[in-house]
Amino acid sequence: MAPADVDVSANPLAPRVEALSEQEFIDRARAELYLIYGGERTEAILRRLLQQLGHYRQEIATPSRALWSEATQILICYGDSLIDGEGHRTPLQALDNFLDGQMRDTFSAVHILPFFPWSSDDGFSVVHFREVNSDLGDWADIHRITKHHNLMADLVINHVSRESLWFTDFLAGTQPGRDYFIELDPGTDVSMVTRPRNTPLLVPVYTRRGKRYVWATFSDDQIDLNYANPDVLLEMLGVLLHYLAQGVRLVRLDAVAFLWKELGTRCIHLPQTHAVVRLIRAIIDHVAPGALLITETNVPHLENLSYFGDRSGGDGAEAHMVYQFTLPPLLVHTLTSGDAAALTEWAATLPELPNDCTYFNFTASHDGIGVRALEGLLPDHEIKQLLDLMQRFGGYISMKTDSDGRDSPYEINITYFDAMKGTRKGEDPWQILRFLCSQTIMMGLQGIPGVYFHSLTGTTNDHENVSRTGKLRAINRKHWRREELDHLIGAMTPTRFVFKAMTQLLNKRRREPCFHPNVPQRVIDLGPGIFAFLRGPMADGRRLLAIHSVTDQPIELHLPQAYLTDRWEDLLGHFDPLAEKPLLKPYYSAWLVSQPG
């Protein structure tokens with residue numbers, strides 16, 4: 001039994017998991033298909049979808065369990081983030097061995113980034129959706145991991161590799177792929193389309209019918225699918241069901257915001273896109289209750305929150321989780337400026353969520369640190385100062401093309417550990433403690449924490465990988481050799497210090513009931529040098545006060561009178577907030593628990 005597969009009745013906070021009945025699913029699916037395709041085609045598409053569900057229904061295990069608990073913690077990694085240098089194990093076997101030996105209970109789930117055959121973008125240009133990349137291992141290796149950890153997998157829903165069989169069909173003019181892609185005249189006005197890149201949107205390809213131009217949001221090797229063709233939607237829903245049958249319990253919708261295209265619009269967050277997400281949620285709720293849907297939408301905060309869905313009508317559920325994209329860049333700003341004001345103000349505005357929704361909190365991922373989420377939160381000069389500082393710390397800035405044709409910053413490419421090298425004054429000796437402070441903040445906030453493999457190991461910028469691949473994101477995608485990593489963890493190195501501290505933090509966090517995703521949160525303003533928030537109270541009165549120094553100077557802590565009557569115990573050390581002059585050391589964090597009674 002995986003750690004997150006707990007008895008639904010064991011925790012009163014746990015959202016109840018009840019499968020949608022057949023008729024409830026049919027009604028919801030019919031409504032979404034009608035919105036997407038109109039009335040004439042809805043019933044025929046629905047019949048085909050129900051046939052698919054019937055084929056997979058017996059293959060998908062549906063254990064009764066809570067959606068999540070305080071022990072729900074997710075490791076993010078590539079299938080080959082760790083390599084057995086001696087060649088005795090496949091990369092997936094090496095990962096399973098590492099998890100089992102070093103941190104079997106630390107993480108309840110592992111997000112293995114696209115482990116399918118691919119042609120570019122380190123997996124996000126998928127050639128075969130239903131196969132495991134033989135360089136990593138096979139489905140048996142995946143199943144071995146699912147015995148002890150819930151598995152998150154990517155449904156790369158927006159595009160496919162130009163080496164895929166579907167695109168081969170398109171080039172040859174044969175079915176089914178002939179109509180799976182969006183073909184436009186090169187003179188078409190696409191200036192309104194929102195772009196996350198500065199490459200051309202329409203890319204030339206040579207087909208049996210001559211030169212044609214196809215829609216490619218991300219690169220000329222990632223060709224967008226045409227969801228106006230219902231066959232495409234049904235194909236991808238079949239892929240979803242296949243993943244669920246293979247034991248996937250967290251489905252990540254990659255780049256889903258760009259899914260539906262309509263000329264004359266921004267082609268992002270369109271109503272049809274949200275309808276597709278609601279349809280996928282309905283499928284999961286029907287055939288795999290307890291599985292989770294998470295959307296990856298690296299956009300400004302309010303746009304991101306829209307993927308929780310509109311619950312006013314009662315059946316508008318979309319994602320269970322959305323990425324908290326604002327957190328990574330705002331934490332870097334906070335800890336390099338020594339000023340928590342913007343972080344405090346933003347966190348205080350986070351809305352209360354339904355019991356079946358929560359945030360996926362993270363600081364680092366396989367991508368860079370997105371900049372768009374800072375729009376409206378920091379003035380332009382502060383953002384520019386942050387970008388300049390990250391370049392001083394060895395990072396790069398990736399650009400996108402705006403609708404006016406100008407380029408603007410899209411993301412910072414740097415390891416999160418090296419983003420914490422210093423402050424605006426320059427590099428200093430506080431890198432490790434500053435980094436650990438960022439992780440402690442992330443772990444404590446309401447939601448579910450996701451920890452990138454290279455945050456566990458305090459990985460530094462991999463400039464050699466950038467030079468070798470020509471890709472800026474490669475700076476944060478190091479492939480560790482198991483023997484090298486074991487040596488660094490065993491010796492007196494920064495890697496050992498970070499790894500041990502991170503695992504201790506995670507293991508303390510998963511045992512603390514106040515960190516359950518459904519326990520409420522309230523931000524407390526204790527001044528610009530401190531970021532603080534309260535989790536709770538729980539039904540028994542238990543509550544947790546999280547306090548973090550974000551500066552390189554000691555700070556005397558002054559708690560509001562309302563907190564001075566409690567008896568606090570620090571889960572992280574021996575900090576006493578009720579001392580005569582309680583002093584927070586630079587980048588010190590405290591998780592103070594008020595015991596019931």
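Quick notes
- Directionally averaged shadow of the chain, computed from the convex hull of its alpha-carbon atoms, nm²: 27.1
- Per residue, segment 232-272 exposes 22 Å² of solvent-accessible protein surface, assessed with a 1.4 angstrom probe and all protein chains in place.
- Rounded to the nearest 500, the helix-only mean residue ellipticity at 222 nm of the chain stands at -9500 deg cm²/dmol, with each DSSP H run of n ≥ 4 adding -39,500 (n - 2.57).
- Using only side-chain charges placed at the Cβ, +1 for Lys and Arg and -1 for Asp and Glu, the dipole size of the chain relative to its Cα centre rounds to 340 debye.
- Think of the chain as a dipole: +1 on every Lys or Arg Cβ, -1 on every Asp or Glu Cβ, centred on the Cα centre; then among Gly527, Leu564, Phe362, Leu564 lies furthest on the positive end.
- Once you reduce segment 139-179 and segment 231-269 to the center of their Cα atoms, the two points are 11 Å from each other.
- Listed values for segment 570-583 are Karplus-derived 3J(HN,Hα) couplings in whole Hz (6.51 cos²θ - 1.76 cosθ + 1.60, θ = phi - 60°), namely 8, 5, 9, x, 10, 6, 10, x, 9, 4, 4, 9, x, 10, and x replaces Gly and Pro.
- Simple rule: put +1 on each Lys or Arg Cβ and -1 on each Asp or Glu Cβ in segment 200-322, find the dipole, and look at Gln272, His242, Ala228; the Cα lying farthest toward the positive end is Ala228.
- Point-charge dipole on Cβ atoms (K/R +1, D/E -1) for segment 161-280, about Cα centre, debye to 20: 160
- About the centre of its Cα atoms, segment 64-125 shows a dipole size close to 220 debye [charges on the beta carbon of Lys, Arg (+1) and Asp, Glu (-1) only; nearest 20 debye].
- The chain, accessible surface, carbon-and-sulfur percent (1.4 angstrom probe): 50
- Between the C-alpha center of segment 481-548 and that of segment 24-44 there is a gap of 45 Å.
- Among beta bridges that DSSP assigns inside the chain, antiparallel share in %, nearest 5: 60
- Per-residue ³J(HN,Hα) for segment 246-263, Karplus 6.51 cos²θ - 1.76 cosθ + 1.60, θ = phi - 60°, Hz, x for Gly and Pro: 8, x, 5, 10, 9, 9, 9, 8, 6, 6, 5, 4, 9, 4, 9, 10, 8, 4
- If you wrap segment 290-405 in the convex hull of its Cα atoms and look at it from every side, the mean projected area works out to 9.2 nm².
- Residue-normalised accessible area of segment 146-196, given per residue in Å² at a 1.4 Å probe: 39
- Dipole of the chain [Lys/Arg +1, Asp/Glu -1 at C-beta], most positive-end residue of Tyr56, Tyr37, Tyr416: Tyr416
- In a DSSP loop and with at most 15 other Cβ atoms within 10 Å, the trypsin sites (Lys or Arg not before Pro) in segment 258-300 are Arg266.
- Segment 462-597: C-alpha gyration tensor shape, a/c 1.5 cut-off, then a/b vs b/c: prolate
- Taking the chain and dividing mean pair separation by its residue count, relative contact order in percent (alpha carbons under 8 Å, at least six apart): 14
- C-alpha center-to-center spacing [segment 54-83, segment 104-133] in angstrom: 13
- Tensor-based shape of segment 84-141 (alpha-carbon gyration tensor, a/c under 1.5 rounded, otherwise prolate or oblate): prolate
The values are calculated or read from the model by the stated rules, or taken from the named source; none is laboratory data. Since this is a predicted model, take the numbers as computed values, not measurements. Cβ sites come from the backbone with ideal geometry, for glycine too, and all protein chains shown count toward neighbours. Accessible surface areas use protein heavy atoms only, side chains included; no ligands, DNA or RNA. Shrake-Rupley method; radii C 1.70, N 1.55, O 1.52, S 1.80 Å.
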